[in-house]
Amino acid sequence: MHDLPAAPRINPSILAADFVNMQRDLARIATADFVHVDVMDNHFVPNLTFGPQMVERIQATSPVPLDVHLMITDPDRWAPGYAELGAASVTFHLEAAADPVAVARALRERGARAGVAIKPGTPGESLYSILDEFDQVLVMTVEPGFGGQGFMPETMPKLEALVAEARRRGSEVWFQVDGGISDATIEIAAAAGADTFVAGSAVYGADDVEAAVTRLRELARAASLES
């Protein structure tokens, strides 16, 4: 199993990177905790990115571990393969899985952390009884499918309730947020209990990418200490 970075964790999304200069843009985030890799199939979400071959090349090139987010149908079939490619963490959508517990166990058996994601409209309660099966819960703060969307603050009560339930159970599951995370919103999410943050344009759109990662981490740390 991979060494685990301490919270707060900043995972830049390569959806905001320059795909023609992927190796360069991966090197620019060497001080991040993970690189967030969005796999979309143009079926579960109305967008298409890339599949296992590209993820394998990113795995071979990235200076930080891979945090793969599968926005695809039938993760029961496809998710374990991404763990076999060496991804440190593989997250699939609860809404797409036939047997989410079996998928999580298959990922763990292959050495990856098992993550589960829920869309803004999916109740957090749908995860309560199976929280212990996961290493990470991703609460989407936008509708999945496209980068650059606005943060949805109405998802924060769901996050807070999930965090409270996990702590009640003694779970150490990580809570990730993805969508519209920036200097202006990361403190809101951190105060609600998130400890892992996906940021796309807030990192890759900055003049100084390394400084942007550091600033986001510091903002999240300060907010979590105050909450």
Stretchable slack from residue 18 to residue 218, in nm (0.36 nm times residue separation minus alpha-carbon distance): 69.4 nm
Need one word for region 100-146: rounded, prolate or oblate. Basis is the Cα gyration tensor (sqrt eigenvalues a ≥ b ≥ c); a/c below 1.5 gives rounded, then a/b vs b/c decides. oblate
Euclidean distance of C-alpha centroids, region 1-30 and region 157-227, integer Å: 16
Rank these for me by crowding, 50, 44, 34, going from fewest to most other beta carbons within 10 Å. 50, 44, 34
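Each value in this text was obtained by applying a stated rule to the coordinates, not by laboratory testing. Since we're looking at a predicted model, the values are computed, not measured. Cβ atoms come from the backbone with ideal geometry, glycine included; neighbour counts cover every protein chain shown.
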